[in-house]
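J.: Mind having a look at this structure? Questions to follow.
Please treat every number below as a calculation from the coordinates, not as lab data. This is a predicted model, so every value here is computed, not measured. Positions of Cβ are backbone-derived with ideal geometry, glycine not excepted, and every protein chain shown enters the neighbour counts.
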Amino acid sequence: MAELKKDDLLSEIKQLQEKIDGDPTVQKILLLLQTSKVGVEVLSLSVIDAVTWLSSLPSNEIKWNPRYLGIWPLFELSTVRAPGSCCLVRIRRVGEMILGDGPTSLWFDWRSLTQQLTALDSQESELQSRCILEHTKLQTKVDEFEELLQRGKVVKFSENLDHTFRDSTEKLDSAKRELAAKLRSTLSFKRQLDDVPSQAELTQYDLRFSELYMHIQAKDCQTRKYYATYNTLLGIKELMLKETSLLNSIRLQFKDALTSPASRKKLIDSMEGILHGTQQKLEKVQIALQSEQKAHEALKGQYAAAVSEQRHYSSILEAFQEECARNERIRMQTSQEHLTS
């Protein structure tokens, strides 16, 4: 008989268990075991345990022992059907191999593991029932707590809502204040930027100031000219008035001078005084004329220098414009060469 390894016992036993479930002989063995006197001893065993236990009993002890009298037909059935029932033969062989290893064999390990599995199944069912009961209790508590919350949270919710609304209002007010400050600073910067004139405005201002300066200068020249004419005419008027008064006094004194020598001497003295005053006046006028002529010569020299400087500047400006035009042509040529390349 070929030996089986211990590692293959569990799989072998599982296959045998599947075969036993559909075997009518084995079912009959179980029925006889349950109705016999020793059935109580093997009733808790599995089919494989029962058949193995039955196969391990000696035939003489079973046949003549009154205690095993009820299972003798079962033993005969198992021994008679053994040659024809591969399932029972295989069970007996496996049982002999398992029981041959002693109390510490894999057979007892398998039985203990089976019992542990059964215990674990019962523990699992008990744990499930306890979990269901605990879940029911916790669910009841949760429902009660939700009811309490729904009853007591109305005031708290309103208070929390008011507090949240106040906080939101304060945040909105602070944000508005910050926005107003930023808007004021932005408007201030904008006004400062608007106060700074652009290049076109500066050019326009320069043009307007130049026109205003030319207009004011023309007015000033015209006013100076009118003032000079007025002053000259005023001086001429004063001289004419003096000349008229002098001629009137001479005419009056001349009539008196014809009558007496003292009057003639007095007329001669007055005429000498008039001549002396006229000469002094003439000297003053000549001195003023000379100063005016000197100023005229100086202005004439300044004008000549300004005209020469203007011509120099005009020549420099023409040269600069020519260089700018030349630079522009060179730049256009360079850009065209760069594009073509």
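J.: If I model a spin label at Leu127 and Asp206 as a point 7 Å from the Cα along the Cα→Cβ vector, what separation in nanometres do I get?
T.: Calculated label separation equals 9.6 nm.
J.: In addition: Give me the one-decimal nm value for the distance between modelled label points at Glu328 and Leu120, 7 Å along each residue's Cα-to-Cβ direction.
T.: If labels sit at Glu328 and Leu120, their model points lie 9.9 nm apart.
J.: Compute the length gained on full extension between Leu193 and Asp256: take 0.36 nm times their separation in residues and subtract their Cα-Cα distance, giving the result in nm to one decimal.
T.: Working it through step by step, the gained length comes to 13.8 nm.
J.: Ok, one more. With r defined as the distance between the Cβ atoms of Gln310 and Leu234 and R0 fixed at 41 Å, what FRET efficiency is calculated, to the nearest 0.05?
T.: 0.65
J.: In addition: For labels at Phe165 and Lys294 in the simple 7 Å Cα→Cβ model, what's the distance in nm?
T.: Modelled inter-label distance: 9.7 nm.
J.: Also, quick follow-up: Projected area of the stretch 198-259, taken from the Cα convex hull and averaged over every viewing direction, in nm²?
T.: 4.1
J.: On to the next question. Could you work out how much longer the chain between Gln280 and His135 gets when fully extended? Use 0.36 nm per residue separation minus the Cα distance between them, nm to one decimal.
T.: 38.2 nm
J.: Among 247-255, 328-336, what's the highest-first ranking by average C-beta atoms within 10 angstrom per residue?
T.: Highest to lowest by the protection proxy: 247-255, 328-336.
J.: Net charge around Tyr213, counting only other residues with Cβ within less than 14 Å of its Cβ (Lys, Arg = +1; Asp, Glu = -1)?
T.: Surrounding charge for Tyr213 is -1.
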